[in-house]
Amino acid sequence: MKDIATPARTKEILAQYGFQFKKSLGQNFLIDTNILDKIIDSAQITSDTGVIEVGPGIGALTEQIAKKAEKVVSFEIDQRLLPVLEDTLSPYPHVQIIHSDVLKADLTATIQSTFKQDQDIMVVANLPYYVTTPILMKLLEEKLPIRGIVVMIQAEVAERIAAKPGTKEYGSLSIAAQYFAEAEKVMTVPASVFVPRPKVDSAVLRLTIRPKPPVEVRDEEYFFKVFHASFANRRKTILNNLIHNLESKEKKKEIEQALAQANIDPKRRGETLSLEEFALLSDSLLSCLQ
Ligand code: SAM
């Protein structure tokens, strides 16, 4: 039997089930096993690895993961795909499909009930592009016991996540992701490897979870509030963003004092601050506003 991720087999499966793509669910299926091999290689899956997948589609990536991993659990929102997957993935009994929106799933509980204690766990997915950021932020913020995440996403989002301070791509998404993980864009991927072809360029992004954050902050929740406020209006200075989006005009003096304490020019813009500067600023704000 041919691999699912070949143009001929995919066409056959789609025809057999009369499957119509739903654009609203970000359904762009992979039809190139070379790309799948590269995704799987960059995830460094071994026969001990447990894999969480988001959106198996008709099982193209799932099948290739299943050939390498110890166990695979995959979340699919589209009920129409369940009978298809039951059929296409029948040679792989160690794959479990969960019919659920991954954003609503209790991933910690799934990990506990599916994988062995201290098992090597990776998230691997060709993500639905309409929810890339919320899915990635859920995976990171829930501090799951995973080694990392390898995902196919829009090239532009991959560049923003892996961006360095001072570049035009750098923003709150880069900081949020890089607080939890080391980020690298592994490769760009042409639209021709998908059916239907997406309108945007794609890329494979690898996130390697840090054992501990690269900066220490007094209050993590407040730290996240500070940087979200700092990027709320990219044209505004850091001072104005903090006045309008974190505090109020009455606190201008204290904010200026905190910026001075952290050695940050109030006229700078959020996108020029490094993670370390945000950490310093967040701690200074906490002490000056108290
Ligand atoms: N993995 C397949 C492949 O590479 O060919 C399909 C990838 S396709 C880009 C995204 C898949 O995610 C679709 O099967 C879609 O139905 C599913 N999906 C969309 N939103 C989802 C969500 N919130 N939770 C779980 N699955 C979702």
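Odds and ends about this structure:
- For segment 39-64, a residue qualifies if it is under 22 Å from Lys11 (Cβ atoms) and either modelled with pLDDT under 95 or not small (Gly, Ala, Ser) (or both), and the qualifying residues are Ile39, Pro56, Ile58, Leu61, Thr62, Glu63, Gln64.
- Restricting segment 45-58 to residues that are in contact (Cβ under 8 Å) with a residue 24 or more places away in the chain and not hydrophobic (A, V, I, L, M, F, W, C) leaves a set whose member that is farthest from the ligand (Cβ to nearest atom) is Asp48.
- Residues (in a helix (DSSP H, G or I) and within 9 Å of the ligand (Cβ to nearest atom)) located in segment 25-34: Leu25
- Taking the criterion of being within 10 Å of the ligand (Cβ to nearest atom) and part of a loop (DSSP other than H, G, I, E, B), the residues of segment 64-78 that qualify are Ile77, Asp78.
- Looking across Leu61, Leu14, one residue alone is closer than 22 Å to Tyr129 by Cα, within 8 Å of the ligand (Cβ to nearest atom) and aliphatic (A, V, I, L, M). It is Leu61.
- Residues of segment 217-250 satisfying the condition of being part of a helix (DSSP H, G or I), of a type in the set (Lys, Arg) and modelled with pLDDT of 90 or more: Lys225
- Flag for Lys11 being within 18 Å of Ile153 (Cβ to Cβ) and not in a loop (DSSP other than H, G, I, E, B): no
- For segment 170-224, the set of residues classified as over 21 Å from Leu246 (Cα atoms) and among the acidic types (Asp, Glu) consists of Glu182, Glu184, Asp201, listed by residue number.
- Among (1) hydrophobic (A, V, I, L, M, F, W, C); (2) away from the ligand (no atom under 12 Å from the Cβ); (3) in contact (Cβ under 8 Å) with a residue 24 or more places away in the chain - the single one Ala163 does not satisfy: (3)
- Those residues of segment 77-87 which are touching a Pro at 6+ places or on another chain (Cβ under 9 Å) and under 21 Å from Glu12 (Cα atoms), in sequence order: Leu81, Leu85
- Here Arg147 clears all of (1) at pLDDT 95 or above; (2) under 15 Å from Lys185 (Cβ atoms) except the condition numbered (2).
- Wholly within segment 83-183, helices (runs of 4 or more DSSP H) carrying at least 1 residues that are surrounded by 21 or more Cβ atoms within 10 Å (Cβ to Cβ) and of a type in the set (Gly, Ala, Ser): 155-161, 172-180
- Yes/no for Gln20 being surrounded by fewer than 19 Cβ atoms within 10 Å (Cβ to Cβ) and in contact with a strand residue (DSSP E or B) (Cβ under 8 Å, 6 or more places away or on another chain): no
- Scope segment 129-145; condition under 15 Å from Lys104 (Cα atoms), touching a residue at least 40 places away in the same chain (Cβ under 8 Å) and near the ligand (Cβ under 10 Å from one of its atoms); matching residues: Val131, Ile135
The values are calculated or read from the model by the stated rules, or taken from the named source; none is laboratory data. All figures in this text were calculated on a predicted structure; none of them were measured in a lab. Virtual Cβ from ideal backbone geometry, glycine too; neighbours counted across all protein chains shown.
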